[in-house]
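Engineer: Mind having a look at this structure? Questions to follow.
Any read-out appearing in this document is the output of simple, stated calculations on the displayed coordinates, not a laboratory observation. None of these values were measured; they are calculated from a predicted model. Please note: Cβ atoms are built from the backbone with ideal geometry, for glycine as well, and neighbour counts cover all protein chains shown.
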Amino acid sequence: MRGLLVFVCVCLLASCGGGSPSYDPPSRAVQGTAPRFADTDPHDWVGTMPWHYSVHGIDVSKYQGDIDWSQVRTSGVGFAFIKATEGGDYLDERFAANWEAARRAGLPRGAYHYYYFCRPAVEQVAWFINHVPRDSSALPPVLDLEWNHRSRTCPYRPDPNTVRNEASLFLKAANVHYGKRPIIYTTVDFYRDNELWRLDNYPFWLRSVAGHPSDVYPGQRWSFWQYTGTGVVDGIDGPTDLNVFSGSFQQIVNLANGG
């Protein structure tokens, strides 16, 4: 199996790209306070609220349209995750432009892959590697694991062991290729259905729009928390996902730089 993983990663080398931008923190992160982004459908938070964290970020795809990344950064955004691929044959049409523009704006950014359950993991990670450059200053790659209730082409739901085994293949190959331990993004139902806590060698990015992750995912450590899908950010037309990072801006820079 190790030979297969190495084969995938060696044979589908992506072009390196980007250089090493200078990451300056948003002014609010320096001051230790968080931006309070508007929300078109806000939750009435209690307990530990998202703005208790100083570093907030976005995740985007083609559906956010033409993004003014300089304005996004100025608004207080401290990082971004950008959709790159899905399955084994879909490339987000705005990935390349968003990837480069976010770099030019000086934002730590990473790429994510949306997993498709009707295609082997080895084919999906090969597709991701073939389209996402290796960039020493990028955040680790992300594997997006969630049920797609609206899929007309893949209603298949593998059993939990199959889900975890296939996810592990993707994660290990991506780790070898990019030299950074990938991040798992997931939702509450998918996490519970597939016992994802068993994949404890990887950092988690958890969706929880109606409660703190410590309440919704008891005992699970996390690095990123997606707290709304209806945020308002200068430079983006329409709603977008908002997230927090569990540490400081310097820690997210260290994460991008492989530390």
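Engineer: Ratio of the stretch 66-105's C-alpha Rg to 2.2 N^0.38 Å, to two decimals? If you can, show how the numbers build up before the last one.
Structural biologist: On the way: Rg = 11.4 Å, N = 40, 2.2 N^0.38 = 8.9 Å.
Scaled against compact globular proteins, the figure is 1.27.
Engineer: Along the stretch 100-115, what does the Karplus equation 6.51 cos²θ - 1.76 cosθ + 1.60 (θ = phi - 60°) give for ³J(HN,Hα), rounded to whole Hz, x for Gly and Pro?
Structural biologist: So the J values, rounded to whole Hz, are 6, 5, 5, 5, 4, 6, x, 9, x, 9, x, 10, 10, 10, 8, 6.
Engineer: In the stretch 79-109, which residues have a backbone nitrogen under 18 Å from the label point lying 7 Å from CYS118's Cα in the Cα-to-Cβ direction?
Structural biologist: 86-91
Engineer: Could you check the simple spin-label distance between ALA96 and LYS62, using points 7 Å along Cα→Cβ, in nm with one decimal?
Structural biologist: 1.4
Engineer: Work through the residues other than ASN194 whose Cβ is under 11 Å from its Cβ and net out their charges, Lys, Arg +1 and Asp, Glu -1.
Structural biologist: Taking every other residue near ASN194 into account, the sum is -2.
Engineer: Subtracting the Cα-Cα distance from 0.36 nm times the residue separation, let me have the gained length for MET49 to GLU146 in nm, one decimal. Please report the intermediate quantities before stating the final value.
Structural biologist: Numbers: separation 97, 0.36 × 97 = 34.92 nm, distance 2.42 nm.
Gain in length upon complete extension: 32.5 nm.
Engineer: How big is the charge dipole of the chain about its Cα centre, in debye rounded to the nearest 20, if each Lys and Arg gets +1 on its Cβ and each Asp and Glu gets -1 on its Cβ?
Structural biologist: It comes to approximately 680 debye.
Engineer: Long-range amide H contacts for GLY110: which residues qualify at under 5 Å (H placed 1.01 Å from N, peptide plane, sequence gap of 5 or more or a different chain)?
Structural biologist: Counting only residues 5 or more places away or on other chains, the set is ALA80, PHE81, ILE82, LEU139.
Engineer: Which is farthest toward the positive dipole end of the stretch 41-256 among GLY231, GLY110, VAL77, measuring Cα position about the Cα centre, with Cβ charges +1 (Lys, Arg) and -1 (Asp, Glu)?
Structural biologist: The listed residue farthest towards the positive side: GLY110.
Engineer: A further question follows. Multiplying the sequence separation of THR153 and SER214 by 0.36 nm and subtracting their Cα-Cα distance, what value in nm do you get? Each step should come with its number before you reach the end.
Structural biologist: Working: separation 61, 0.36 × 61 = 21.96 nm, distance 3.46 nm.
Using 0.36 nm per residue and subtracting the Cα-Cα distance, I get 18.5 nm.
Engineer: Work out how much length VAL176 to ASP41 would gain on full extension: take 0.36 nm times their residue separation and subtract the Cα-Cα distance, in nm to one decimal.
Structural biologist: Difference between extended and current length: 44.6 nm.
Engineer: Right, another one. Cut-off under 22 Å on the C-alpha distance; same-chain residues fewer than 8 positions from LYS180 excluded. Which lysines are left, in chain and number order?
Structural biologist: Straight-line reach from LYS180, under 22 Å: LYS83, LYS172.
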